[in-house]
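So the structure is just underneath, and the comments pick up after that.
The values are calculated or read from the model by the stated rules, or taken from the named source; none is laboratory data. Keep in mind it's a predicted model, so treat the numbers as computed, not measured. Quick reminder, even Gly has a Cβ in these numbers, built from the backbone with ideal geometry, and neighbours come from all protein chains shown. The protein model used for the area step is the full one, side chains on, heavy atoms only, and it has no ligands, DNA or RNA in it. Shrake-Rupley method; radii C 1.70, N 1.55, O 1.52, S 1.80 Å.
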Amino acid sequence: MVHIDTSTERYPKLHGTPASRGIALGKLTFLKRRQKPDIRHTVEDTAAEIQRFEDARARAITQLGNLYEASLDKLGEQNAVLFQIHQLMLDDPDYVSQIHEFITTEKMNAEYAVDVVAKRFSEMFKAMDNDYMQGRAADVIDVSRRVTDILLSSHGTPLKSTSYTTYGDEPLILATDDLAPSETVSLDKEKVTGIVTSHGSTRSHTVIFARTMGLPAVISLGDALSPDLEGHTAIVDGGAGILIIDPDESTIRAYRERKRTEDALRARLEQFRGKETRTLSGRRVRLYANIGSAYDLDVVKSSDAEGIGLFRSEYIYLSSDDFPTEETQFKIYKEVLESMEGRQVVIRTLDIGADKTAPYFTLKPEENPAMGMRAVRICITRPEIFKTQLRALFRASVYGNLAIMFPMITSVDELKACLAMCEEVRRSLDNEGIPYNEGLEIGIMIETPAAALISDELAPLVDFFSIGTNDLTQFTLAVDRQNAEVGRFLNPYHHAVRRLIEMTVKNAHNAGIWVGICGELAADEGFTHELIEMGVDELSVAPSSVLILRARISTLG
């Protein structure tokens, strides 16, 4: 929750959401966007108005191509490619057809039609029960704003450039409601040293760009980020999600010292980029990243992760109005695998249920959905859904190093049912002459005490285990991790949890298979040495933790 901490009389602290780590000190300056007039009016020649829109759209696509080229050095290709994606957004048939329809049926001028459709698409993304898709709201507004600017310019309407006030040579902290990706990449890093916004999403490309450009950022500060603060001295603490207004000299000195320390740490971490993750004794540990959608691929690449240890495929379902087709899923899996260029990608099969639901699944209300109809239980009882996903996965497997992982396994029978469906899919693909990687690895998540306790029985049936410590902890301790009131009882270091992890690792190795950790415990630097001592082969963490953990592992015996 956003709030202002007034416990210190000298200056307030505004609390938001951490977006990009780092510390910045400077004068707050608010982004001033070009003011657009009331742009709605009636047009009689709708065909000519559609042509105006099409001409502006074509110019916008060209501009985005130029922006892609200009951004390569600043962002790297994996991030600059967003502007090519923006070009594709302007070619989206639904987007274009809706604008055409408003112009034709409502006799609406092109500028207004673009604005209306942009807001509709933006609200649709924001309303999705998936933070990865919510981050796309800023993208559709960005590309649409570019088209409307071109349309207004073509009518000779004077437009003020996007600007902000400067204060001599002092560094600036840019404040705004939200920042578009194209605005972010155009910032002068010699002047702007930090970003703060009243709204925004941690999954937006703006945040990704800020991290890539090394700009500390705090988002979602709400109405507390008032234009009245223009010109005030402020400190951005991107890691803590704090904006300090008018700090005193002792606070400024303390943060400057912290900034020197953090800058030195970042420089030290860079020496581990591009290297294998090894202990002092030379033992190899695979260091992978967890991601929730294909939109996060650029973050994975910039993080220097050696692979993807958990790709949450349910985002495909959560961002759809109906069951995604085999072809839709195939294209997404193919894109992910090709983008990773031979590095392993572990895709977790459908894990709908509990805290992640899609209306079209028509799941019945449950008193305890975390232990209800979810994950493989849905897949086993509704095989048509599961087989569609498996076909898409197997078909995509020829385009990279794919591994498939089943969640929420509690028995040998459940696992055998999943493997049987994999065999059915293989036979159907063979009959149709469709190629797939016959050697792709299949594994399971160990996230229930039941699975850990019978891991000796499960291990001979699969190629790997991945321990999901978040669910394993809540089920072992009977503590709902979604319930804040009992959060203090959720102890991932509990001896029972540790013993289950040790047991799982031992049984995996006895069967000759590898075992990883993909829960939050994997990124806990204070616990890394214990996981390595237990014999864990792979850690899959948030991309931002990759270099930190590689440095930590390099100090272990």
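Out of Glu530, Glu485, one residue alone is of a type outside the set (Gly, Ala, Ser) and open to solvent by 60 Å² or more (accessible area, probe 1.4 Å). It is Glu485. Of all residues in region 354-377, those that are surrounded by fewer than 20 Cβ atoms within 10 Å (Cβ to Cβ) and either of a type in the set (Lys, Arg) or under 25 Å from Glu441 (Cβ atoms) (or both) total 3.
Counted as qualifying within region 205-275 are no strands (runs of 3 or more DSSP E), as none has 2 or more residues that are out of contact with any helix residue (DSSP H, G or I) (no Cβ under 6 Å at 6 or more places or on another chain), among the hydroxyl-bearing types (Ser, Thr, Tyr) and more than 28 Å from Glu183 (Cβ to Cβ). Screening Val412 on (1) more than 24 Å from Phe464 (Cα to Cα); (2) surrounded by fewer than 16 Cβ atoms within 10 Å (Cβ to Cβ) shows it passes everything except condition (1). Selection of region 289-344 for residues being small (Gly, Ala, Ser) and part of a strand (DSSP E or B) yields Ala289, Gly309. Can you pull out the residues in region 265-292 that are open to solvent by 60 Å² or more (accessible area, probe 1.4 Å) and of a type in the set (A, V, I, L, M, F, W, C)? Those that are open to solvent by 60 Å² or more (accessible area, probe 1.4 Å) and of a type in the set (A, V, I, L, M, F, W, C): Leu265, Ala267, Leu280. Within region 293-322, the set of residues being open to solvent by 20 Å² or more (accessible area, probe 1.4 Å) and of a type in the set (Asp, Glu) comprises Asp304, Glu306, Asp321, Asp322. Are any of the residues in region 477-484 modelled with pLDDT of 90 or more and not in a loop (DSSP other than H, G, I, E, B)? Yes; the residues of region 477-484 include at least one that is modelled with pLDDT of 90 or more and not in a loop (DSSP other than H, G, I, E, B). Applying the set (1) open to solvent by 10 Å² or more (accessible area, probe 1.4 Å); (2) on the phi < 0 side of the Ramachandran plot to Gly433 leaves exactly one unmet item: (2). Only one of the numbered conditions (1) open to solvent by less than 10 Å² (accessible area, probe 1.4 Å); (2) free of Cβ contacts under 8 Å to residues at least 24 places away in the same chain; (3) among the charged types (D, E, K, R) is not met by Asp351, and that is (2).
Okay, residues lined up against (1) free of Cβ contacts under 8 Å to residues at least 40 places away in the same chain; (2) over 22 Å from Arg312 (Cα atoms); (3) open to solvent by 40 Å² or more (accessible area, probe 1.4 Å):
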{"residue": "Glu447", "(1), (2), (3)": "no, no, no"}
{"residue": "Asp456", "(1), (2), (3)": "no, yes, yes"}
{"residue": "Pro460", "(1), (2), (3)": "no, yes, yes"}
{"residue": "Gln474", "(1), (2), (3)": "no, no, no"}
{"residue": "Asp480", "(1), (2), (3)": "no, no, yes"}
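Quick one: would you say Tyr167 is touching a Lys or Arg at 6+ places or on another chain (Cβ under 9 Å), aromatic (Phe, Trp, Tyr) and either outside any loop (DSSP other than H, G, I, E, B) or open to solvent by 30 Å² or more (accessible area, probe 1.4 Å) (or both)? Against the criterion (touching a Lys or Arg at 6+ places or on another chain (Cβ under 9 Å), aromatic (Phe, Trp, Tyr) and either outside any loop (DSSP other than H, G, I, E, B) or open to solvent by 30 Å² or more (accessible area, probe 1.4 Å) (or both)), Tyr167 qualifies. Only one of the numbered conditions (1) touching a helix residue (DSSP H, G or I) at 6+ places or on another chain (Cβ under 9 Å); (2) at pLDDT 90 or above is not met by Val300, and that is (2).
Taking region 394-409 as the range and being assigned to a helix (DSSP H, G or I), crowded, with 18+ Cβ neighbours inside 10 Å and over 24 Å from the mean Cα position of the chain (by Cα) as the test, the residues that pass are Phe394, Arg395.
Scanning region 179-197 for residues that are touching a strand residue (DSSP E or B) at 6+ places or on another chain (Cβ under 7 Å) and either open to solvent by 50 Å² or more (accessible area, probe 1.4 Å) or part of a strand (DSSP E or B) (or both) turns up Lys191, Val192, Thr193, Gly194, Ile195, Val196, Thr197. In region 488-520, of all residues being within 25 Å of Arg286 (Cα to Cα) and among the small types (Gly, Ala, Ser), the one that is surrounded by the fewest Cβ atoms within 10 Å (Cβ to Cβ) corresponds to Gly512. Apart from one condition, Leu419 fits all of (1) at pLDDT 95 or above; (2) under 19 Å from Ser293 (Cα atoms); (3) not charged (D, E, K, R); the exception is (2). Being of a type in the set (Lys, Arg), surrounded by fewer than 19 Cβ atoms within 10 Å (Cβ to Cβ) and under 22 Å from Trp514 (Cα atoms) is true of Arg343.
When you scan region 480-491, do you find a residue that is among the polar types (S, T, N, Q) and within 19 Å of Thr410 (Cα to Cα), even just one? No, region 480-491 contains no residue that is among the polar types (S, T, N, Q) and within 19 Å of Thr410 (Cα to Cα). One residue stands out among those in region 538-551 that are surrounded by 20 or more Cβ atoms within 10 Å (Cβ to Cβ) and outside any strand (DSSP E or B): the one that is farthest from the chain's Cα centre (by Cα), which is Arg550. Take Ile245 and decide whether it is farther than 27 Å from Ile548 by Cα and among the β-branched types (Val, Ile, Thr). Yes: the conditions hold for Ile245.
When Arg391 is tested against (1) surrounded by 21 or more Cβ atoms within 10 Å (Cβ to Cβ); (2) in a loop (DSSP other than H, G, I, E, B); (3) charged (D, E, K, R), only condition (2) is not met.
Selection within region 264-315: residues that are more than 21 Å from Met405 (Cβ to Cβ) and small (Gly, Ala, Ser). The member of this set that is farthest from the chain's Cα centre (by Cα) is Ser281.
Scanning region 103-130 for residues that are under 26 Å from Asp45 (Cα atoms) and either surrounded by fewer than 19 Cβ atoms within 10 Å (Cβ to Cβ) or of a type in the set (D, E, K, R) (or both) yields Thr104, Thr105, Glu106, Lys107, Glu111, Asp115, Val116, Lys119, Arg120. With respect to Arg211, determine if the residue is within 18 Å of the chain's Cα centre (by Cα) and farther than 14 Å from Leu174 by Cα. Against the criterion (within 18 Å of the chain's Cα centre (by Cα) and farther than 14 Å from Leu174 by Cα), Arg211 qualifies. Taking the listed residues Thr251, Thr193, Thr184, Thr197, the one that is of a type in the set (Ser, Thr, Tyr), touching a residue at least 12 places away in the same chain (Cβ under 8 Å) and in contact with an Asp or Glu (Cβ under 8 Å, 6 or more places away or on another chain) is Thr197, with no other qualifying.
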